[in-house]
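Taking it in order: structure first as structure tokens, then the write-up.
The values are calculated or read from the model by the stated rules, or taken from the named source; none is laboratory data. Predicted model, so just to flag it, every value in this text is computed and none were measured. Because the Cβ atoms are built from the backbone with ideal geometry, glycine has one as well, and the counts that use them run over all protein chains shown. Only protein heavy atoms, including side chains, enter the accessible area calculation; ligands, DNA and RNA are left aside. Shrake-Rupley method; radii C 1.70, N 1.55, O 1.52, S 1.80 Å.
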Amino acid sequence: MNRNNLSKLILLTFLMFAIFSFIPVVEASSGNVTKRPLDDWLDPNYAAFPWGEKNWAFYDFWNPYSGLVMKMGLPWPKAGLPDFPYIKFDMIYENSLVEGVTVITGTVTERALNDGTALITLHLDVKNSPVAVYLRSDFNSYCYGLADKPQAVLGDGIDGYLDYKVVAKFIIPEPGAELPNVFDMWYYYISINIHGICYGTLTERAVELGFAETAGAPGMVKLHSIALFKPDFKETHPKYDPFYGDLWPVDSIEVYELS
């Protein structure tokens, strides 16, 4: 490995370790730690999105730098729902487009805090999740009915599969309270770390966009995101997010041609 690249890797590893080592100090705890079943996380999400396959455990992922969106199985609404009159409803069928069984494992740990709230640490390990990777502008145009269904960069049909891990920390009102769904969690989160690798066949669209040289070649896609809530983060910092006011030191979707 190039010495400069090795130095960067060591620095990045240290940064990740340092960030997550200090997360527990954001709120003093009473030391009461309990383990909750994983269904305490899955059930509220499946209740909030009661259509499609139950082969997902986290939201779909978008990277603003590459312009790519990873469809990770999060269900889309069925036709006829008044709250979603503008969405192309046949997207629901993409939720089950993966060969074999999706395996979802993990743990939910709850720590009581001195202010009466509780810190939840969610560990997810998802194997063989459905995935389709799109250019976001293609994806949005289709969803809003402005264009026909686009070709995915990778994961058209049952071609792609994704393995990913999530470590998320967020606050709930009190110990034992119902966990929020994956979108409401953002209002109370402390940190999130997502890492995943998916495999599939690269398409002509991948070649057109410059993500691959050969249509039909095997491809790999890596996703990685670390988010740390910092309410006093300065707007002048290059990693400042204007919506959340958060630190995002790593956020990427990378496409590789394997042949």
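If we keep just the residues of region 164-201 that are over 26 Å from Pro75 (Cβ atoms) and aliphatic (A, V, I, L, M), which is modelled with the lowest pLDDT? Only one residue tops the list, namely Ile190.
Please go through region 104-135 and pick out each residue that is on the phi < 0 side of the Ramachandran plot and out of contact with any strand residue (DSSP E or B) (no Cβ under 8 Å at 6 or more places or on another chain).
First, pick out the residues of region 104-135 that are on the phi < 0 side of the Ramachandran plot: 104-105, 107-115, 117-127, 129-135.
The one that is on the phi < 0 side of the Ramachandran plot and out of contact with any strand residue (DSSP E or B) (no Cβ under 8 Å at 6 or more places or on another chain): Asp115.
Is one or more of the residues making up region 189-209 assigned to a loop (DSSP other than H, G, I, E, B) and open to solvent by 60 Å² or more (accessible area, probe 1.4 Å)?
Residues of region 189-209 that are assigned to a loop (DSSP other than H, G, I, E, B), as a first pass: 203, 209.
If we keep only those that are open to solvent by 60 Å² or more (accessible area, probe 1.4 Å) as well, we get none.
Within region 189-209 (the criterion being assigned to a loop (DSSP other than H, G, I, E, B) and open to solvent by 60 Å² or more (accessible area, probe 1.4 Å)), the answer is no, since none of the residues qualifies.
Out of all the residues in region 167-177, is one or more within 27 Å of Ala47 (Cα to Cα), acidic (Asp, Glu) and assigned to a loop (DSSP other than H, G, I, E, B)? Yes, because at least one residue in region 167-177 is within 27 Å of Ala47 (Cα to Cα), acidic (Asp, Glu) and assigned to a loop (DSSP other than H, G, I, E, B). Here the condition is being part of a loop (DSSP other than H, G, I, E, B), crowded, with 16+ Cβ neighbours inside 10 Å, more than 15 Å from the chain's Cα centre (by Cα) and charged (D, E, K, R); of Asp148, Asp159, Asp138, it holds for Asp159 alone. Being surrounded by 16 or more Cβ atoms within 10 Å (Cβ to Cβ), of a type in the set (Val, Ile, Thr) and at pLDDT 95 or above is a description that applies to Val126.
Against the numbered list (1) of a type in the set (Val, Ile, Thr); (2) at pLDDT 95 or above; (3) surrounded by 15 or more Cβ atoms within 10 Å (Cβ to Cβ), Val103 comes up short only at (3).
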